[in-house]
Every structure is written in structure tokens, then in C-alpha cells.
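Computed from the coordinates by the stated procedures, all read-outs in this text should not be read as laboratory data. Remember, predicted model here, so these are calculated numbers, not experimental data. Counting neighbours? That spans all protein chains shown, and the Cβs are built from the backbone with ideal geometry, glycine included.
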Amino acid sequence: MKNKALAIGLAVALVPVVAGAWPWSRDMMNQPSIKPQEPPVIPYPKDSVPVGGPWTKVRDRDAAENLKNPIPPTPESVAKGRALFKIYCFPCHGPNGKGDGPVGKVFEVPPADLSSDYAKELTDGWIWGTITFGSYVMPPYRWDTSPEERWHIVNYIRQVLQKERGNPLVKSAKKED
């Protein structure tokens, strides 16, 4: 009798533990929230300005093609662009922008070679628009970087990845290592 009462008491004590493990229970991972790399679920209020500065009025990559880079390619800008390139672009485009990064090697079609003659012919606005809105496989980075940061990346691509090693901006950008 004593063992039967102990078994019933133990079963009653374990019911909440077992019931809490059912699929309908929620934990910290499965709560409704914005996951990394997802755009905000709720649109921003009309005419609001994000913390990183005002959004551009450009709607897509094609509309960005004729934009002029408002940030001069100073050594400071190139250094900022280099740091941002290492964070956002390196995984796919690799250290020299050749499309041979660790993630880029996985793709059937490699990412663009940013030092190629084709890439040199692209406008600064087109490169900025590609970073902002993404392309076929490349995700958009408008949620991760400010418009100004994207222009710094364009300066780095132009002044370092697309120039010869004798360029003085290359030396100043490499001092940060």
C-alpha cells in the first residue's frame, strides 16, 4: 500500500514536468521575435527616421546606378570600408574580392570578382545599390549597414581591390592589421 501511494505521488509530481515538454509549450528559442537576418515584421511609421540616419529614396539597385559617392576616398574612409568589408563581404568575396571566400566556395556560381575589368566599369551607385538591395544570391545589407557605411565599402573596393599595390591608400588601409 505504501509503495502504491508513493508511485501515485511520484506520478502526480511528474505530470507538470512531462506536460511542459509537449510541443505546444514555448521556450526562449521559439518565441515570436525577429530572427537574425530578417527584416522588421512591423513597418516603420511614416516619415520616421531610423537611428542610423535617413533611408535613401532609392527603391532598387537600378535606381541607384547614377548615384554619386558623397564620401571622398580618404585614407580614413578606405580604412572604415576595409573593416566593414572584412565583416560583411569577406565570407563570400574573399580577402582580395576575387569571389573565393570560404562561403563563396560553396556556391555553384562563385560571387563576383570585384577586381575584374567588368566590376571596374560598374558605377559607384550600382555597387552601393547591390550592397543595399542585394542581387541574385547576395542578401541585402540595408538592415545591417548605414548608407554611409556602404559608401565606405565602395571606396575600399575602388581604392584597394581595383587598384595596383603602389597606391598610397592601399598602404594606409593595410596599417590596421
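Tell me the net charge near HIS93. Cut-off is 9 Å between Cβ atoms, HIS93 excluded, with +1 for each Lys or Arg and -1 for each Asp or Glu.
Numbers: positive: LYS98; negative: ASP100, ASP113.
Neighbourhood net charge equals -1.
Going down the table (LYS80/LYS163; LYS57/LYS98; LYS57/LYS105), which pairs top 27 Å between alpha carbons? Before the final figure, lay out the partial values.
Values: LYS80/LYS163 17 Å; LYS57/LYS98 31 Å; LYS57/LYS105 34 Å.
Violating the 27 Å Cα-Cα cut-off are LYS57/LYS98; LYS57/LYS105.
Along the three principal axes, how long is the range 65-144 when you take its alpha carbons, biggest first, rounded to the nearest angstrom?
35, 29, 24
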